[in-house]
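A short worksheet on the structure shown next.
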Amino acid sequence: MNMPQPLKILQASAGSGKTFSLTAHYLTLLFSGENKYREILAVTFTNKATEEMKTRILEVLLGLAKGNPSQKIEDYRKLILTAYPVLSAQELQFKADKIYRKILHDYSRFSVSTIDGFVQKVIRGFAFELGLNADYNLEMNYDKVKDDLVNKLDEALDHNKQLLQWIIDLAIERISDNKSWNYKFELYNLIGEIFSERFQIFEDAVSTLGLENVDELFKKYISVTKSEIKNFEDELIALATEANEALNVIGVETEHLKGKSRSALAKIILVARGDFSKIEPLFNLIDQPEEWFQKNVSFPEAYDTVNPILQKLKTHYLTHLPNYSLAVAFNKNLYYLRLMQEIAVLLKEYRAENDNLLISDAQKLISGITEDAGDNPSFIWEKVGNRYRNFLFDEFQDTSTSQWGSFKSLLTNAMATPSQDLIDHLIVGDTKQSIYRWRNGDWNILHKHAKLDVGAENVLEESLEENYRSAENVITFNNFLYKAIPLTLQNELNENLSTKPESISKWWQDQHYQQIITDIYSGSTQNFATNTLKGGTIKIKKFGKDHAPNEARFTETVFRDIALDDLVEEIKYLKDEQQYALKDIAILVRSNSEALLTVKKLMGHNLPVLSGDALLISNNSAIQLIINTLKVLIGLETQTALYKANCIALYHSLHDKEIDANYYLNLNSKPLHTLTSVLPVALCENWQSWLQLPLPELVEILIENYGLKSLTANLPYLLAFRDLTASAGKLGEKGIISFLTWWEEDGIKKSLPSPEGADAIQIITIHKSKGLAFRAVFVPFCNWEIKGKPNGTFWVSSEETVYKELKGIPLKYNEALADSAIAKAYYEELLYNNMDALNMLYVATTRAKDYLYIATMAKKELKLSNMGDVINFTFDEQFDENGVYEIVDYVNTENKVEESNFINLKSYPTTTRLSELYIPSEDKHLKHLLNIEKSGRKGSLLHDILASASTEKEVDVYTTNLVLQGIIKEDEKQKLIGSALEVLNNPELQAILGKASESIVEKNIIDANGKLHRPDRVLINADEVIILDYKFTLEESDKHIEQVNSYKTLLSEMGYQNIKTYLFYAVKGKLKLV
């Protein structure tokens, strides 16, 4: 029997049963030992995927343990029994039950985790060695960190003269380029790069150079860069001027030239003026005298004089263009790069000052730990508490270089001791679904590097070829699409490089880039599965000027409007004529702005939608009302006019009340207590005392008084917001000001969880749609760039340039770099951008089960600049006269009616009972300080003393604690003791207290409806139970009697018999039997 390879790399196309394969592999390993779950680490990329995998594993285990005969469980049962032929079905059932119970009792060692979760587990294990506090927080809000760093940079200008000079020079440079002096917007964008893995190379290089040498180095770069640019441009201008003057002296005029004003020679004057875009056409005239002049026109002297000048021009241009193009690109970021270096220093200070660990630093730390471990990671397992012998990686195409670097050593170490019976490790991914490169994901690791890094001889490669998700027509359409488009893109790239220098072409070939896209997509063809449905509908609609005859220009805005109008009609048809449930329809977009446009359009047609923006808590009017109110409460009267105006507008809008414009006049001079005609009276009158309350309780009072309780559409947002106020408090954000600061930084981005089962159309980005599937998928704006976003930042190696000391530099991505000294990096980025765009389309179209709609924008000239152009080119001959390509064969399936577990709330459940339960002991007497009780502060304090003490000693101890807590002053203590003892010494009361064998003090009784009741004292004797309640008011009330009678009823229901109830009116010294 041959020993299996220790690692399987499984390429799993969309809908091919990846989760099934992962679960099956995990379970197969699991049954090799009862405690095997402790030795398997399964890594996924999202919390949702983690939860899905854990749930699936436990569901199948439970099904196996119970002998579930369903096909779903049977498929797994067969695979496990095949792997373990010595096991009988009954033994498998017994073993599954045992393993299932062990996992539940040892759940923390059931290791299915996100990659970040595992990294955090390791780092927490090494917190001491890494110099971290054991209770450090993970900081994932980069915007907050960027704000702090920019503020620190401003503070540094006060004492760092060199830095100040750099800022001044940058401002002057910007003004000379006709830009605003304000550099912060561009700096803010570039600062984001300090959190990327690529920045580490630059940061390490600067650190090696030493901070004291950085200024001199950057001054040298300024000199070299500006010199390169000036020398290149000056020489071109000089040669062009010389050629132009020679033509003028000889008497050559535009009319003499071949092509007249269109001739490249006619434009040489523009080159002399600095327009270098007109240079390259001149090169076609070199050594070609017949192309210079009109027939019957001869200027041999002009040719003899100017041709050598053009040769010099070409030689200089081609020789120096690479370094010139790089210098121009580097110059755009030069000053910012110096500031980034300063920011990197400030980032170190930020780390030292804060207990927060940046998520970007986490990967760097884990890399250092695994590097130190080398071939023996045993000390890592000691810290983590688990020794992992088996690794399963999901969504591997999104792994970054540093993440793979960390796991590689752990994996290779585990591979060195294979089990010899099973395939120990599994990598699952799909290169075609790699769309997270902006988060450092690198599909090339899955494509080739992983296999090479662990040794090809140790790897078994397989692919899943059936599609279990889509209907036949959708599968066939996608099979055609991903055969045609990769070939189109690959040919376009190869043709682009064919005109470039031989060194570039050779490098392209050596990297196998001339066929990489077609290679990756060669395995995209999928087969039908046994459950594949017949039929399926595909519609591609190309919208052009003909669809908007009344528009002067067919712009992208016009295209979007037309596409959305058509989309609405298609959705209505699916809903009304084809009985599609709205929850089975998804609209996939690229950006939040596209999502917002789509949401507005659909809501305008009364079509319910679910989207990220719609679910943002901060976008809800009721929440905005509460936030604005909090800002009014803590602000200065003269500075809160805008917040007051917002409160008035939102309050009236939520209750559909008319708004009088006069409401908004002179709000900066109107205190809150004068606004009772436009805002709730209780708020205007009591806001100062409300400010003393804990934030969660204050929020509930605002909900109550603004009448938000019964606005059912707002309830989910109000409940979520209430939770946020509580959780923010746990994070240390105490008080309104701290909460509002947290809200602006973090809270404003919080969303409601997407409610599963809600019958609404989902509008989501393509990135977030990964892993999901819908019956109908719409891609209304198929127009994303295939060459990448111009002027986006990308990092290149500077090792072979004049900037070699920095190791790596960020440049603005543009086509001019194709002729620069870093042309290879540019073309590699261009290839990756093409792959990103294609993968985006692949993810979008493979979400569809039986209906797919794509809208593209028609153009006069078919130039392949965006993905819509590529689709138009692919189906160019198949569109009808209206620009439509379609395959129509609707699939009829029964809509399953799922039982929902929703709770229908008709009003917000505000209550004070819970807040009373959870008041900390030190806050228990806050009500006395506020003098809330009708019976007065003294009576309220006496009530608490007597409810808790029944002897002189107990009274003394209790009042001493009140002094220590700051509730009462020392000089009040003796008066309170005297008053308390006066009550306790009452003969009638003494007789009752003295007889009790057991005394229960201020304990809660919960009735059948969950309501709390708290008698002051319950005294238990052998033959009777006495309820005693103290009252410190002068008047005797029927409500007092009702209250103690309700206690009596409760105790009776609890099984107590012979119950007596007493009221003791302390002011009168009267004991009353009820």
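Some observations on this one:
- Fraction in percent of alpha-carbon pairs per bin - 5 Å, the stretch 617-776: 1, 8, 16, 20, 18, 14, 9, 6, 4, 2, 1, 0
- With Cα atoms, 0 to 90° folded angle of helix 199-209 axis to the chain main axis: 80 degrees
- In order along the stretch 23-34, the Karplus-derived 3J(HN,Hα) couplings, from 6.51 cos²θ - 1.76 cosθ + 1.60 at θ = phi - 60°, round to 5, 4, 5, 4, 5, 4, 5, 4, 7, 7, x, 4 Hz, and Gly and Pro are given as x.
- Ratio Rg/Rh [Cα only; Rh per Kirkwood] for the stretch 518-570: 1.22
- Cα principal axis extents for the stretch 641-685, largest first, Å: 26, 22, 15
- Taking every alpha-carbon pair under 8 Å whose residues sit at least 6 apart, the chain reaches a relative contact order of 13 percent.
- Its Cα gyration tensor gives the stretch 185-326 an equivalent ellipsoid, and the semi-axes of that ellipsoid, as √(5λ) in whole Å with the largest first, are 46, 15, 12.
- Counting every C-alpha pair in the stretch 197-240, the share spaced more than 11 angstrom apart comes to 71%.
- 5 angstrom amide H check on Y851, placed H, neighbours 5+ away: T537, V777
- Once Rg and the Kirkwood radius are both taken over the C-alpha atoms of the stretch 591-706, their ratio Rg/Rh works out to 1.04.
- Values of log10 I(q)/I(0) for the stretch 512-654 across q = 0.08, 0.13, 0.16, 0.17 Å⁻¹ run -0.46, -0.91, -1.07, -1.11, by the Debye formula with one identical scatterer at each alpha carbon and no solvent.
- Scaled to the globular estimate 2.2 N^0.38 Å, the Cα spread of the stretch 749-874, given as radius of gyration, is 1.38.
- Taking packing as the residue-averaged number of other Cβ atoms within 10 angstrom, the listed peptides 776-784, 760-768 run from highest to lowest as 776-784, 760-768.
- Packing-based exposure ordering (other Cβ within 10 Å, fewest first) of F407, F396: F407, F396
- P(r) weight above 17 Å for the stretch 330-413, C-alpha pairs, percent: 63 percent
- Computed from Cα atoms, the angle from the helix 681-690 axis to the main principal axis of the chain rounds to 80 degrees.
- Between 0 and 90°, nearest 10: helix 970-984 axis offset from the chain longest Cα axis: 50 degrees
- With the simple spin-label model, which puts each label point 7 Å out from Cα in the Cβ direction, the F94 to N137 separation comes to 5.3 nm.
- Among beta bridges from DSSP that stay inside the chain, the antiparallel ones total about 35%.
- Note that the stretch 50-141, at 4 °C in a medium of 1.567 mPa s, gets a Stokes-Einstein diffusion coefficient of 82 µm²/s from its Kirkwood radius over C-alpha pairs.
- Translational diffusion coefficient of the chain (Stokes-Einstein, Kirkwood radius from Cα pairs, 37 °C, 0.692 mPa s): 91 µm²/s.
- Quick note on the stretch 117-251: its Rg to Rh ratio, both from C-alpha atoms and Rh being the Kirkwood radius, is 1.18.
- Using a simple spin-label model with pseudo-atoms 7 Å out from Cα toward Cβ, T315 and T676 lie 9.5 nm apart.
- Three-way shape call for the stretch 1-73 based on the alpha-carbon gyration tensor, with the a/c threshold at 1.5: rounded
- C-alpha center-to-center spacing [the stretch 1009-1050, the stretch 585-659] in angstrom: 48 Å
- DSSP bridge analysis restricted to the stretch 986-1074 gives an antiparallel fraction near 65%, rounded to the nearest 5.
- Difference of contour (0.36 nm per residue) and Cα-Cα distance, E745 to A581: 55.2 nm
- Zero-based 10 Å bins, Cα pair distances in the stretch 430-533, whole percents: 12, 32, 36, 17, 3, 0
- If you look at the Cα atoms of the stretch 211-293, you get an Rg and a Dmax of 18.3, 62 Å.
- Spacing of the two label points (7 Å from each Cα toward its C-beta) at N296 and E658, in nm: 8.7 nm
- For the stretch 986-1074, the calculated P(r), taken from all Cα-Cα distances in 10 Å bins from zero up to the bin holding the longest distance, is 16, 52, 28, 4 percent.
- Its alpha carbons give the stretch 638-733 an Rg and a Dmax of 14.5, 42 Å.
Every read-out reported here was derived from the displayed coordinates using simple, explicitly stated rules and does not represent laboratory data. On a predicted model such as this, the values are computed, not experimentally measured, just so you know. A quick note on method: Cβ atoms are made from the backbone with ideal geometry, for glycine too, and the neighbour counts reach across all protein chains shown.
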